[in-house]
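A short reminder: the numbers here are calculations on the coordinates, not readings from a lab. Worth saying up front: this structure is predicted, and the values here are computed from it rather than measured. Using ideal geometry, Cβ is built from the backbone for each residue, glycine included, and neighbour counts are taken over all protein chains shown.
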Amino acid sequence: MVCRRALSLVAMISLGCHASPGDELRGVVSSATPEATAAGVAMLEAGGNAIDAAVAVSLTLGVTEPAGSGIAGQTVMLVKRRGEPAFVIHGTTWSPGSIPDGVTEVQLSRGRTASTVPSTLRVLDVAHRRFGSGNVDWQHLVQPAIDAAEQGFIVGPFRHRAFRNFGSALREQEEAASIFVRPDGADYQAGDRLRQPLLAATLRRIAKHGAMDFYSGDIAREITADMAAKGGWITFEDLAGFPEPGIVLAIEGSYRGYTVETLPPPFGGWVVLQILNVLELNAPQVLDDDDSARRLALLDALRIGHGQRRADPVTDYGDYAQDIATRTSKQEARRLSQDSAGGETTHFSVVDANGLTVAVTQSIDSYFGAKVVHPTLGFLYNNYMQGFQVDDPDAPYYLAQSEMPLSSMSATIVSQDGRTELVLGSPGSARIISSVAQVTSYWIDVEQDVEAAVGAYRVHVVPETAGYVEGPELPPVLLQGMAARGLTLTRPTYGVSDSHLDPYFGGVHALAFENGAWRGAADPRRDGVVGIARK
């Protein structure tokens, strides 16, 4: 059984929306492509745990949703063992160690100069070595991604729209066009098969020699040779010296009796906690129906959270405990509420039979990252350098060497009485924060139905005046309320949507424990599915 839509899947696994209480299951996976979900389910059924599944899903997503992530991007894992605090495998990327003077915004957004030093493979390596089950070896975890690159994957509707809308940018580099544009010059259509033989060969090398070949082996040398030849800034020293991702505790807040654990700075989790605190100031009946009153309350809370992130950001990414405690306190939410009166990414979630839960957000930043691929290795470079500011030296995110870029990643785990209840995250730049906060609120405030929570129409605010509203219906009370708040109704202009459900508002892939069983939801704004691994 396939959740939400019929798609071509690996026949050996069982896919569905939920596991009934009597099922003997090994775990549940929700991700943005059927191929990646299938890879995760296969690892669970091979005796792996949620971490093993997450590694396979991550690598396969990088192949089958190339607009959103890849091995030259950034990956962050939020992990929770049953009854223990959640921790983070802190997979920030870093700016290169040497940056010339006079850098422009254009250099930070496109081409090799836009790339930070990637973290994805180091994160996956640490996760597998330190927290994997030991039952599935590295080569086995990489194999589904190799197969997807070599044999190809069937392009789904969302992926077709991504190729359609960014095809002109990909055509500017011959190597990118040779991979992501059809041989006849047309955009890849839904139902086409897309093969990536160069990337398959690179993944085979990573499977054989390990993740560190990307950082200190022959792959690293090929990357730095390409950078040097084409004006990029990443050096062999940057790759070889990339630090092993640290393991840090998640930051924690609460919402209506639930514990909420999420990602620390430089990520956006603290903003999610702040938004939930502001929402909690509303009486429950304001939020318990999916109506205009709820949307206006969401717009108010989102404007406060996004506005505070802009006006009063957390700038110390190492010693942030006091800053986070202040910004996410209930008292601060009351003060902000009184004072304020009047890219592209991918996410997946995995849980196994032992209650190990993993929420993973990974990205190459914009759609198709820097829009250029390595000519022989076949992967897209990221463009996380665009997160830095170049005009104002006093700006909190001013460009510096060997520095973490700003990120909106906000993978989140919600629990009660020590039991994990909800696991979620989203792509979508700043809309990640908005999506995670309102899906969490929907599940707690409206109804504990993860499919309904993920499928509900969403809103977003760009401080201070732009209010984005999804869906075809705009009741007068909603429009009047927005006008009273000085918000201008705004519609997304990305053009990646062919319906009222727009990928601009994120791509939440979530799992929830409901009525004694795990249920999953794949965001209908993407091509994803939910998969169940059974014993």
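Annotations for the structure displayed:
- Each residue, ALA228 and THR465, gets one label point 7 Å from its Cα in the Cβ direction; the gap between the two is 5.2 nm.
- Nearby aspartates and glutamates by direct alpha-carbon distance to LYS371 (threshold 16 angstrom, same-chain neighbours under 8 apart not counted): GLU65, GLU105, GLU172, GLU174, GLU175, ASP187, ASP226, GLU344
- Ordering of 420-431, 286-297 by packing [mean C-beta count within 10 Å, highest first]: 420-431, 286-297
- Size of electric dipole in the chain: Cβ of Lys, Arg +1 and of Asp, Glu -1, about Cα centre, debye, nearest 20: 620 debye
- Using only side-chain charges placed at the Cβ, +1 for Lys and Arg and -1 for Asp and Glu, the dipole size of region 475-535 relative to its Cα centre rounds to 180 debye.
- Cβ crowding within 10 Å ranks LYS535, LYS371 as LYS535, LYS371, fewest other Cβ atoms first.
- In this structure, GLN331 and GLN285 have a Cβ-Cβ separation that, at R0 = 22 Å, corresponds to a calculated FRET efficiency of about 0.40.
- Protection proxy ranking of 327-333, 307-313, by the mean of other Cβ atoms within 10 Å over each peptide's residues and highest first, is 327-333, 307-313.
- Test item: Cα-centred dipole of region 59-121, Lys/Arg +1 and Asp/Glu -1 on Cβ, debye: 280 debye
- Helix-derived mean residue ellipticity, 222 nm - over the chain, DSSP H n ≥ 4, -39500 (n - 2.57), to 500: -10500 deg cm²/dmol
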